[in-house]
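Working notes, beginning with the structure itself.
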Amino acid sequence: MRMNTMKNIIEKNQHIVLELFKGRCALNPAHTAAVVHEIEMKSLRPKDWWELDNMIPLCNKCHTMVHSEGTKKWRSKLRKARESVN
C-alpha cells in the first residue's frame, strides 16, 4: 500500500472513530478525546493495525495510563469500550 494512501485511510478512520464517540474519551466520556489509540498494538497487527475496529479515542490522562500500565493489560477494556458503539 502506498504511504499516502495508508495515511489517508488512517486519518479517515481516526475521524470516523472520533465521530462515533462524539469526540469523547472511550474510557472517561467526561473528557474530550485527545488521541486515537490502537487497541491491538502495531506489533501484533502489523498488516492492519489502522483498521477502524482497532481504533479508540482517549483523553490525555487515559492515554498516559494505558501506556504506563501497558496496552496489553488494557486490551480487553479497550475492546469492550470500542464494541459498545458498533
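The values are calculated or read from the model by the stated rules, or taken from the named source; none is laboratory data. Fair warning: this is a prediction, and the values are worked out from it, not measured in the lab. Every residue, glycine among them, receives a Cβ derived from its backbone with ideal geometry; neighbour counts consider all protein chains shown.
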*asked:* Going through Asn60, Asn13, Asn54, Asn28 one at a time, which residue ends up being over 13 Å from the mean Cα position of the chain (by Cα) and of a type outside the set (Phe, Trp, Tyr)?
replied: Asn28
*Residues being closer than 21 Å to Gly23 by Cα and among the small types (Gly, Ala, Ser): count how many of those fall in the range 43-86.*
2
_Please pick out the residue among Ala26, Ala34, Ala30 that is surrounded by fewer than 11 Cβ atoms within 10 Å (Cβ to Cβ) and either in contact with a strand residue (DSSP E or B) (Cβ under 9 Å, 6 or more places away or on another chain) or among the aliphatic types (A, V, I, L, M) (or both)._
Ala30
*Can you name the residue in the range 37-64 that is out of contact with any strand residue (DSSP E or B) (no Cβ under 6 Å at 6 or more places or on another chain) and without any contact (Cβ under 8 Å) to a residue 24 or more places away in the chain and is also farthest from Ile10 (Cα to Cα) among such residues?*
Thr64
_Quick test for you: out of Asn28, Asn86, pick the one residue that is assigned to a loop (DSSP other than H, G, I, E, B) and modelled with pLDDT of 95 or more._
Asn28
*Please state which of the following conditions Arg45 fails to meet, knowing it meets all the rest: (1) touching an Asp or Glu at 6+ places or on another chain (Cβ under 7 Å); (2) more than 16 Å from Glu83 (Cβ to Cβ).*
(1)
*Qualifying residues in the range 12-23 (those that are part of a loop (DSSP other than H, G, I, E, B) and in contact (Cβ under 8 Å) with a residue 24 or more places away in the chain) - the one surrounded by the fewest Cβ atoms within 10 Å (Cβ to Cβ)*: Gly23
